[in-house]
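So the structure is just underneath, and the comments pick up after that.
The values are calculated or read from the model by the stated rules, or taken from the named source; none is laboratory data. Keep in mind it's a predicted model, so treat the numbers as computed, not measured. Here the Cβ is made from the backbone with ideal geometry for all residues, glycine too, and neighbour counts use every protein chain on show.
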């Protein structure tokens, strides 16, 4: 057993047997929730499942470079998927939580979270590119495609020999912002669904007024939403196996697996977190 | 200056570490129940010791899992462990005395499902994935449970969501009106979960779980050094939790926890430095740079 000596084993294609088991888990989770609280709890669980799937989808847009990017040997932002996704998700979560407490409107809050996540990624991508171009002195060039799908700029002339490209091309920048937007949307959706469940259920459980329980409901929903976000982001990171350049990367084709995986994980974790308010 | 060359080979088998970690962790978390039995809060620090035992075991699990090459960084494993652990731990606190056992069972089930998803739906195909995720989820849940118990003095749901001292029933007997029962109303916002102290515990634990192997990995990695670093980072997190516990338990108990964590940190840190010196190719004791002709 050598430390980090093995090769990442993420193959292509979809394992239909695994998907079938996953769908059964989702149905069981929905069934148990229905048995405990009829439609009142099933709809929040559906929201959590959709939120988890959105996080899994959004993470694939974000250009993640990891350590090679920090050395100017691969395009993308120079850190891991989990850290980037957590950053975008938490920024979105704060934006959405503020919007929900200020307006109380579901749509405004969810879109506020999405804009928060997108903005965090936009600022990160801009500063990363400034650092790459003016501090490290590498131009933005992708190794996976010859031409930028949006601007049409060509890359091979600018790519250094022996690298997979470097910097953050325009398509990766757009991918980052779109990814932050979608992931922020999903994260905020999970937070708000949990908050609605807890602010309705905790007063009954603790035999207290809704106003007294409000801070508890907010912090419990916030902490568990962070947990959901990290679970979904890491599952997506495992699907990407390390680095991805953005929506033009061939690895982007693996995205259906992450969406199914994140939906199943969110369904079961959502079941447990909703059962917190059920008295046994 | 002497350089002692000593290679550590093999080390403790992973299953032995798992058994020690699990048993010590559960026993220590249960020892915080002495608080209820003796009606004091002196035994809160046992929660922290239990959390460190779990982290010590978890570091070895991470080493086991990450040696297969996840393709993504080592820290991601720590983050997913605590994401699952948070959900399982909050759910389990409702079961009063059975809390640690329920936390282990629920975290184990969620971890196994996440491991199955990673292996079969995301197609990771790593042989130890299901078992490792299962273990990591239990580590996450036990660590958060231990630190929360240390912070609040108990692991019951009511102690974690209601601020200490609030909600006491005030009874007044006024001859003209009879007995008046007045309640101050429980303060949910000033509790461990309501005050979001749990979020800090989440990150303190996640850092302590993901750091040791991430820092020690490489061709020269040796098990005892990694595990000593795990204990050291665990005690470092425990210091922070002990400081936070001043807000929830009485000063004497919090001071006991702080002193225990400081002593534990000092011991493990000196041990870790000694092990690092042992594993280093050569160690030169740094001295102040003297300028030529200076005094």
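Brief remarks follow.
- Subset of the stretch A:101-122 [modelled with pLDDT of 90 or more and either loosely packed, with under 14 Cβ neighbours inside 10 Å or on the phi > 0 side of the Ramachandran plot (or both)]: A:107
- Number of positions in the stretch A:168-210 that are outside any helix (DSSP H, G or I) and within 12 Å of chain B (Cβ to nearest Cβ): 3
- Taking the stretch A:186-205 as the range and being surrounded by 19 or more Cβ atoms within 10 Å (Cβ to Cβ) and over 23 Å from residue A:267 (Cα atoms) as the test, only A:203 passes.
- So residue B:166, is it modelled with pLDDT of 85 or more, more than 17 Å from the chain's Cα centre (by Cα) and either part of a helix (DSSP H, G or I) or farther than 25 Å from residue B:15 by Cβ (or both): no
- Hits in the stretch A:211-221 (condition: surrounded by fewer than 23 Cβ atoms within 10 Å (Cβ to Cβ), within 7 Å of chain B (Cβ to nearest Cβ) and touching a helix residue (DSSP H, G or I) at 6+ places or on another chain (Cβ under 9 Å)): A:212
- Restricting the stretch A:2-31 to residues that are modelled with pLDDT under 55 and out of contact with any helix residue (DSSP H, G or I) (no Cβ under 8 Å at 6 or more places or on another chain) leaves a set whose member that is nearest to residue A:260 (Cα to Cα) is A:9.
- Residue satisfying condition, being in a helix (DSSP H, G or I) and crowded, with 23+ Cβ neighbours inside 10 Å, within set B:23, B:87, B:109, B:104: B:87
- Unmet requirement for residue A:275, which otherwise passes all of (1) more than 30 Å from residue A:164 (Cα to Cα); (2) surrounded by 23 or more Cβ atoms within 10 Å (Cβ to Cβ); (3) facing chain B (nearest Cβ under 8 Å): (2)
- Matching option when the condition is part of a helix (DSSP H, G or I), more than 9 Å from chain A (Cβ to nearest Cβ), modelled with pLDDT of 90 or more and over 11 Å from the mean Cα position of the chain (by Cα), among B:242, B:230, B:215: B:242
- Breaking point among (1) in a loop (DSSP other than H, G, I, E, B); (2) more than 21 Å from residue B:95 (Cβ to Cβ); (3) within 8 Å of chain B (Cβ to nearest Cβ), for residue A:226: (1)
- Residue among A:97, A:114 that is under 22 Å from residue A:237 (Cβ atoms) and either part of a helix (DSSP H, G or I) or touching a helix residue (DSSP H, G or I) at 6+ places or on another chain (Cβ under 9 Å) (or both): A:114
- Among residues that are farther than 28 Å from residue A:126 by Cβ and surrounded by fewer than 24 Cβ atoms within 10 Å (Cβ to Cβ), residue A:178 is not included.
- The requirement of being out of contact with any strand residue (DSSP E or B) (no Cβ under 7 Å at 6 or more places or on another chain) and either over 17 Å from residue B:21 (Cβ atoms) or away from chain A (no Cβ under 11 Å) (or both) is satisfied by residue B:48.
- Filter result (in a helix (DSSP H, G or I) and free of Cβ contacts under 8 Å to residues at least 24 places away in the same chain) within the stretch A:68-94: A:70, A:83, A:94
- Verdict on residue A:260 being assigned to a helix (DSSP H, G or I), facing chain B (nearest Cβ under 7 Å), closer than 14 Å to residue B:111 by Cα and under 15 Å from the mean Cα position of the chain (by Cα): no
- The stretch B:56-102, subset closer than 19 Å to residue A:205 by Cβ, in contact with a helix residue (DSSP H, G or I) (Cβ under 6 Å, 6 or more places away or on another chain) and in contact (Cβ under 8 Å) with a residue 40 or more places away in the chain, residue farthest from the other protein chains (Cβ to nearest Cβ): B:99
- Number of the exception - residue A:246 against (1) outside any helix (DSSP H, G or I); (2) buried (at least 24 other Cβ atoms within 10 Å of the Cβ); (3) more than 16 Å from the chain's Cα centre (by Cα): (3)
- Criterion: in contact with a strand residue (DSSP E or B) (Cβ under 7 Å, 6 or more places away or on another chain), within 14 Å of chain B (Cβ to nearest Cβ) and more than 17 Å from residue A:178 (Cβ to Cβ) - qualifying residue of A:74, A:141, A:86: A:74
- Selection within the stretch B:112-139: residues that are in a loop (DSSP other than H, G, I, E, B) and at the interface with chain A (Cβ under 9 Å from one of its Cβ atoms). The member of this set that is surrounded by the most Cβ atoms within 10 Å (Cβ to Cβ) is B:122.
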